[in-house]
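First the structure, in the form of structure tokens, and then the observations on it.
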Amino acid sequence: MFTKYISYELYKLTGDKKYLDRVMGLHESGIYNRIRSRLDKNDSLQFANVPVQIQTQEKQLKSAISSALKGNSAQDEKMTDYFNAVEAWNFFLEKLKVEYPRYYNLRYATIFKNFDNIQQNIPENTTVVRYLFIDKELFALVADRQMQDIFPLEIDSLEKSISLLAEQGLTVDQTSAILIGLHQQLWQPISENIQHKKIIIIPDGVLFNLNFEILTPQRIASFKEFASKSLLAEYTISNQYSMLLIHGEAKATAIENDFVAFAPGFFDELKTVYGSSRKDSLEMDRSYLYLLPQPFSFSLAKKIKQQLGGNAFLSDQSTEGVFKANAGNHKIIHIGTHAESNNDRPEFSRLIFAKNPSDEDNSLFVDEIYNCNLTSNLTTLSACETGKPGFQEGKGMISLAHAFNYAGSESMLTGLWKVDEQASAILLEAFYKNLTKGLEKDEALRQTKLSYLQNANGRMLAPQYWAGLVIMGDTSPIDLQQKSNFWLMLLPGFLLLFVGGYFVFRRRIKTFD
């Protein structure tokens, strides 16, 4: 943190871009080093597509290096053992780099990257806004392929303002006052340097709890005016959690299967089956019995499956084991369930599935996601949090997004805060329909929200209901075709022909008589 601050001061004094490069390199590498440190602490962690014997060999080679200089043997012998162990380790790393590149990049590849190379990866006609805290000061880096600059920002009452937005029942005037203040703090100082309509925002700290789309430069008299007087009206915004994940003009990977959904529903029947299978009440997971039913998520999964084809694993079929076995290799993985985030211990953040009477484990923890096959163009997490107010300080969000990205998901649609189930279902149905029109993911979500604002009424217009969903990652379009029920479309014509033929036949019979 101190080195970042000194580098920023040197940049201000000299204008030399190399110091700005150092600031960003330190910040981005710090994110990955924290993730690596957490992964290293979990010896039992498994990783997808990496054989167990490879991970066992890895542990043995690490142990050989650390133990080589111990023991009672002569110093020369210790040094020989040490250098042999290091040589074996380096050979092993070269093998990993070739045979398991994704795993190598996750654990061992150099993190510190030249910012010039990162800048050239920014897509054309796109501006990246990277917010970062250095000690207790906030900065915003604004960059596209042609320019880059960094701006100090005010943070007075920032955390308080963002937490107030999460409260239910705020009036339009209260919400408007907060959002104008945040716009003046976070957006107005950098607005002249934003030359494009397509924006990638990379938050930091408490800013992970804010959707920048709802910032307004002027007062709004009603929530419907978000459609015309907000950043949502002016820009197409997506999120990311690191500059290192921006990969230029990305294109969605070709995947054969369109859609798969998982929705336990958590209806009483499901819980009754579980409860009756527990003979000893002390062994019963009572928190599972108290989970709120999710009728809208359940119905949405069935409806989208009918529209896009694919599979929907519902009720007692939507277990953790079924998810692990069937989620991967789909253009869209849709997860409609409860979730919990844990910001003190991000590895304990989890998705909650149906309980199998023969297997108590219905939780998919963040660390377990690394060993899943989640190859997809998009993973949708329409999950309602059950215990936490949000991905506080971004730790839970970064951990979740990083795990899904490693497991093969090119992008995620997820919630920044507790999501209203009914509003989420309405939004997602329209979002999927927009994807079938060939829109990029970020623009599909933007059009969805604008349409929602036109059609919603009453309390459901408040941003707590619709603004929580964000796209994180690759925004390229998905090659989807909405399934048309061909025979159902032809059915009215057949009925018309049948009725017409019947009357013609009756008329001929009468003529013959």
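The values are calculated or read from the model by the stated rules, or taken from the named source; none is laboratory data. Only a predicted model underlies this, so the values are computations on that prediction, with no experimental measurement involved. Don't worry about glycine lacking a Cβ; one is built from the backbone with ideal geometry, like all the others, and counts go over all protein chains shown.
Observations on the model:
- So Lys224, is it among the basic types (Lys, Arg) and either under 26 Å from the mean Cα position of the chain (by Cα) or loosely packed, with under 14 Cβ neighbours inside 10 Å (or both): no
- The C-beta contact set for the range 1-16 (first residue in contact (Cβ under 8 Å) with a residue 12 or more places away in the chain, second residue assigned to a helix (DSSP H, G or I) and of a type in the set (Ser, Thr, Tyr), distance under 6 angstrom, 6+ apart or interchain) comprises Ser7/Tyr19; Tyr11/Tyr19.
- Test: Ile178 is touching a helix residue (DSSP H, G or I) at 6+ places or on another chain (Cβ under 7 Å), modelled with pLDDT of 95 or more and either surrounded by fewer than 17 Cβ atoms within 10 Å (Cβ to Cβ) or not assigned by TED's automatic domain parsing to the domain that holds Ala48 (or both): yes
- Where helices (runs of 4 or more DSSP H) fall wholly inside the range 415-498, the ranges with 1 or more residues that are over 24 Å from Glu340 (Cβ atoms) and at pLDDT 90 or above are 421-436, 441-455.
- Filter pass, Lys113 being buried (at least 17 other Cβ atoms within 10 Å of the Cβ), touching a helix residue (DSSP H, G or I) at 6+ places or on another chain (Cβ under 8 Å), at pLDDT below 95 and basic (Lys, Arg): yes
- Remark: Leu45 matches the filter, which requires a residue to be in contact (Cβ under 8 Å) with a residue 24 or more places away in the chain and surrounded by 12 or more Cβ atoms within 10 Å (Cβ to Cβ).
- Here Asp76 meets each of (1) part of a helix (DSSP H, G or I); (2) surrounded by fewer than 17 Cβ atoms within 10 Å (Cβ to Cβ); (3) at pLDDT 85 or above; (4) not hydrophobic (A, V, I, L, M, F, W, C) with one exception, condition (3).
- Only strands (runs of 3 or more DSSP E) whose full extent lies in the range 331-374 are considered here, and the ones with at least 1 residues that are in contact (Cβ under 8 Å) with a residue 12 or more places away in the chain, closer than 20 Å to Ala48 by Cα and touching a strand residue (DSSP E or B) at 6+ places or on another chain (Cβ under 7 Å) are 350-352, 363-365.
- Taking the range 298-330 as the range and being aliphatic (A, V, I, L, M), in contact (Cβ under 8 Å) with a residue 60 or more places away in the chain and closer than 15 Å to Asn257 by Cα as the test, the residues that pass are Ile304, Leu308, Ala327.
- Residue check for Lys62: assigned to a helix (DSSP H, G or I), modelled with pLDDT of 85 or more and either at positive phi or of a type in the set (Lys, Arg) (or both): yes
- Residue under evaluation Ile426, criteria (1) on the phi > 0 side of the Ramachandran plot; (2) more than 15 Å from the chain's Cα centre (by Cα); (3) crowded, with 20+ Cβ neighbours inside 10 Å, criterion not met: (1)
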